[in-house]
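Let me begin by presenting the structure, written as structure tokens, before commenting on it.
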Amino acid sequence: MLDRNAIGRSSPPTLNEVEKGAIRRFAEAIGDYNPIYYDEEYARASGYPTIVAPPTFPASFHSAADLRELLGVGIKSLLHAEQTFEYERPIFAGDRIFVATRVADVLERSGPAGGKMDVAVIEDEGRDEEGTVVFRARRTLVIRAQKEGA
Amino acid sequence: MPARKLYFETVRVGDELPALAKSPVDRVQLARYAGASGDFNPVHVDELYARSIGMPSVYAPGMLVMGFLGQLVSDWARGAQLRKYTVKFVKIVWPGDTVVCKGRVTDRWGENGRYFAEIDLWAENQKGELVMKGSATIQMFYSLEDETRQRSGQPPIMVDVPRESLLTAVPEPAPAPQTVAAAADKKPAPARPATPAAKKPSAKAAGTKKK
């Protein structure tokens with residue numbers, strides 16, 4: 001079983017500057033050619049102040065979190081099982097977003113084969129320079145711990 | 001010219017999003033996504049590493065597939081604001097796989113001049129197997145008139161629309177395929193509460209009906 005003391009551990013907010021080129025490369029990697037991700041004029045004509053970031057763009061944000069450190073166990077692998085984003089507003093080119101990561105939960109779930117598996121829920125929160133929340137992200141990770149002995 | 005926008009007044013429960021068939025995933029795309037996302041986990045980009053841990057090859061990060069489904073929603077819901085977007089990763093997507101993204105409106109409601117719809121989302125591979133499922137909540141203007149008013153600083157159009165899922169029986173979709181070999185979560189999330197076949201002849205009427 002994982003260390004339940006990990007719950008609540010967090011990393012300090014880390015600045016992420018949202019660059020147009022980064023948005024473009026991210027959208028290109030997905031194969032999404034919606035002009036609001038590439039073309040400033042088009043984005044404005046669509047009612048946005050500037051180029052918009054795709055919904056999953058926060059996946060590219062850095063945080064200071066080292067999950068292995070936060071979770072405090074020998075981790076063999078992490079399997080991404082679920083992902084949720086909540087948005088207060090779209091993310092735009094030029095945004096300066098501070099991302100903090102915390103361990104929201106550590107629990108045991110029944111695995112596919114009937115056994116137990118360890119699950120960690122990690123939350124990222126992105127705030128703008130005024131401290132207003134822009135998005136929240138929640139990752140559910142299945143953890144395979146390093147074998148101890150057998 | 002920006003594309004037409006989606007307004008609440010035209011959205012109906014049961015509306016299907018036009019399916020989005022992505023190009024087959026290849027290793028170049030995996031490399032690009034690794035670079036763009038900053039996630040250089042070698043299982044996605046290093047063939048030798050992936051084989052060394054017993055995988056047949058590198059495979060797509062779940063977040064790439066979540067990006068595909070995000071494209072489906074954003075393309076359909078132009079002008080809307082995505083409020084919530086959630087997925088479960090069901091099956092691995094391999095190089096060569098073609099992912100098809102699908103969605104259906106399951107609910108709509110309006111309160112205090114704010115209008116929302118909920119959309120069930122799922123993605124299948126070329127064999128028709130479910131690889132991802134999830135949902136999105138979007139917020140829209142009620143109509144073009146509502147948007148025009150709000151953009152000129154006037155108050156929104158106020159129409160109280162109760163959650164339609166409470167009123168209407170939606171024909172039960174069948175996106176869930178045979179085997180859902182979820183590595184992480186054995187029990188598939190319960191299907192959306194299928195209002196047990198309430199055969200209301202009036203159920204087709206638009207959603208402003210009071211219960």
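One table, with the values for the structure above:
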item	result
Sole exception among (1) among the charged types (D, E, K, R); (2) more than 22 Å from the chain's Cα centre (by Cα); (3) modelled with pLDDT under 95 for B:R4, by number	(2)
The listed residue being farther than 14 Å from A:I122 by Cβ and not aliphatic (A, V, I, L, M), out of A:R102, A:R96	A:R96
Enumerated helices (runs of 4 or more DSSP H) restricted to segment B:1-57, each holding at least 2 residues that are under 29 Å from B:R149 (Cβ atoms), in contact (Cβ under 8 Å) with a residue 60 or more places away in the chain and outside the structural domain of B:I138 (by TED's automatic domain parsing)	none
Whichever residue in segment B:92-133 is β-branched (V, I, T) and in a strand (DSSP E or B) and, among such residues, is farthest from B:M158 (Cα to Cα)	B:V131
Residue match in segment A:109-127 (condition: on the phi > 0 side of the Ramachandran plot and of a type outside the set (S, T, N, Q))	yes
Answer residue from segment A:34-48, given it is more than 9 Å from chain B (Cβ to nearest Cβ) and part of a loop (DSSP other than H, G, I, E, B) and is surrounded by the fewest Cβ atoms within 10 Å (Cβ to Cβ) among those	A:D39
Conditions (1) touching a helix residue (DSSP H, G or I) at 6+ places or on another chain (Cβ under 7 Å); (2) free of Cβ contacts under 8 Å to residues at least 12 places away in the same chain; (3) not hydrophobic (A, V, I, L, M, F, W, C); number of the one not met by A:E41	(1)
Residues satisfying the stated conditions in segment B:1-14, i.e. surrounded by 19 or more Cβ atoms within 10 Å (Cβ to Cβ) and more than 13 Å from B:F141 (Cβ to Cβ)	B:V13
Condition check for B:V87: assigned to a strand (DSSP E or B), buried (at least 20 other Cβ atoms within 10 Å of the Cβ) and more than 10 Å from chain A (Cβ to nearest Cβ)	no
Selected residue (criterion: surrounded by the most Cβ atoms within 10 Å (Cβ to Cβ)) from residues of segment A:72-127 that are assigned to a strand (DSSP E or B) and small (G, A, S)	A:G126
Test: residue in segment B:27-38 that is at pLDDT 95 or above, within 18 Å of the chain's Cα centre (by Cα) and within 29 Å of A:G47 (Cβ to Cβ)	no
Tabulated pairs, segment B:81-100, first over 28 Å from A:P49 (Cβ atoms), second among the aromatic types (F, W, Y), C-beta under 7 angstrom, 6+ apart or interchain	B:I92/B:Y59; B:V93/B:Y59; B:W94/B:Y59; B:V99/B:F68
Residues satisfying the stated conditions in segment B:15-36, i.e. surrounded by fewer than 14 Cβ atoms within 10 Å (Cβ to Cβ) and more than 14 Å from chain A (Cβ to nearest Cβ)	B:E16, B:P18, B:A19
Segment B:37-60, residues that are within 9 Å of chain A (Cβ to nearest Cβ) and closer than 17 Å to A:E28 by Cβ	B:S37, B:G38, B:D39
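Residue-by-condition table, conditions (1) of a type in the set (S, T, Y); (2) within 10 Å of chain B (Cβ to nearest Cβ); (3) within 22 Å of the chain's Cα centre (by Cα):
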position	(1), (2), (3)
A:T50	yes, no, no
A:P54	no, yes, yes
A:F92	no, no, yes
A:V99	no, no, yes
A:G114	no, yes, no
A:D118	no, no, yes
A:R136	no, yes, yes
A:L141	no, yes, yes
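The values are calculated or read from the model by the stated rules, or taken from the named source; none is laboratory data. The structure presented is a predicted model; accordingly, all values stated were derived computationally and were not measured. Backbone-built Cβ (ideal geometry, glycine too); neighbour counts: all protein chains shown.
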